[in-house]
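The structure appears below as structure tokens.
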Amino acid sequence: MLWVLGIVVLIGLVLVAVWYRFHNLFEDKVALHVASLAREVGAKRILAVFAHPDDEQLITGLLTSAKADGAYLSMITATKGDAGTQCPVVCRQSDLGAIRHAEVLKNGFALGIDDQEVWDYPDGGLPDQPVEELVSRVAAAMERYTPDLVIAFWPTSGATGHKDHMRMGLVAEQAIERLRAGKGPYRGPRFVAYPLIPRASLLKLGGKLGRFVAENQPLPTHSTPGNIASKIRGWKIHAAQADYVAKAYKVPTRLLYLIWDKEFYALREWGGV
């Protein structure tokens, strides 16, 4: 029986070694780990500026920890995600925009988001839209919601390399600059947080696109707990994309988030409000 015990111990050690190896791909020691990014900077009003339904899955830990501290949460989603590839197929492709619109509203409610706007720009076509129009709309939304912390994509990498992400990141920055230069009572947020995917995972698992993102995003300044339960629940709500993470990383969703258990952000101070 001792040989059986030895095999069990050996298998356990191998599993621990494998877990440790992959966990390191989703870690970044340069980031300061904090329980809540919003609490760290004293943010009480938060606005996320995103491109697609399910983009908010990157920041569920930030949102839920801020909500637990009583913060006001708002979010803009610029498209309805109607051009996405269903994973799995849950509806007629012609109905996908309506389905994903409902999914992001439902997930936003589950995350405690107080106000949401889902706009009707073409999925995949944000770089073709007039920049002035997008900047004006985002700036107007910031004036309505008066966030002291904005969450947006880094303009040259977009967290995933998606051109819609990059465009909305650029638009968010230009909207903030416009508010800072204006004379209204609200002068933009004090801080912007850019969600990042860990560099090591991009380089090891992301292929050519992953290398592009890794080379064009900043180093993270902060990490926070990712709230695994809210991420798993969110993918169930986003039924048309429920298998996206498992397919992209070739790991079951629940197992992936046991490994990728933190969120990473580059925090920038703008000095508005």
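The values are calculated or read from the model by the stated rules, or taken from the named source; none is laboratory data. Bear in mind the structure is a predicted one, so any value in this text is a computation, not a measurement. Neighbour counts are summed over all protein chains in view; Cβ atoms, including those assigned to glycine, are modelled from backbone coordinates with ideal geometry. Note: accessible area is taken over every heavy atom of the protein model, side chains too, but ligands, DNA and RNA are not part of it. Shrake-Rupley method; radii C 1.70, N 1.55, O 1.52, S 1.80 Å.
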Segment 107-262, accessible area per residue, ligands and nucleic acids excluded (1.4 Å, Å²): 44
Accessible surface ranking that places the most exposed of Asp261, Asp123 first, with a 1.4 angstrom probe: Asp261, Asp123
- prompt: Using the reciprocal of the averaged 1/r over all distinct C-alpha pairs, how large is the Kirkwood radius of segment 167-273 in Å?
  reply: 16.1
- prompt: Where the eigenvalues come from the Cα gyration tensor of segment 101-145, what are the semi-axes √(5λ) of the equivalent ellipsoid, largest first, in whole Å?
  reply: 23, 16, 6
Carbon + sulfur, % of accessible area of segment 88-201 - ligands and nucleic acids excluded, 1.4 Å: 54
task: Using Kirkwood radius over Cα pairs in Å as the read-out, say which of (1) 19.3; (2) 18.6; (3) 20.2 was calculated from these coordinates.
output: (1)
- request: Round to a whole angstrom and tell me the spacing of the C-alpha centers of segment 137-171 and segment 28-84.
  value: 12
query: Hey, in the GNM for the chain with a 10 angstrom Cα cutoff, which one of Leu255, Leu73, Leu47 fluctuates hardest?
result: Leu255
- prompt: Summing +1 for each Lys or Arg and -1 for each Asp or Glu, what net charge is found among the other residues whose Cβ lies under 13 Å from the Cβ of Ala175?
  reply: +1
task: Sort segment 141-189 into rounded, prolate or oblate with this rule: let a ≥ b ≥ c be the square roots of the eigenvalues of the Cα gyration tensor; rounded if a/c is under 1.5, and if a/c is not under 1.5, prolate when a/b is larger than b/c, oblate otherwise.
output: prolate
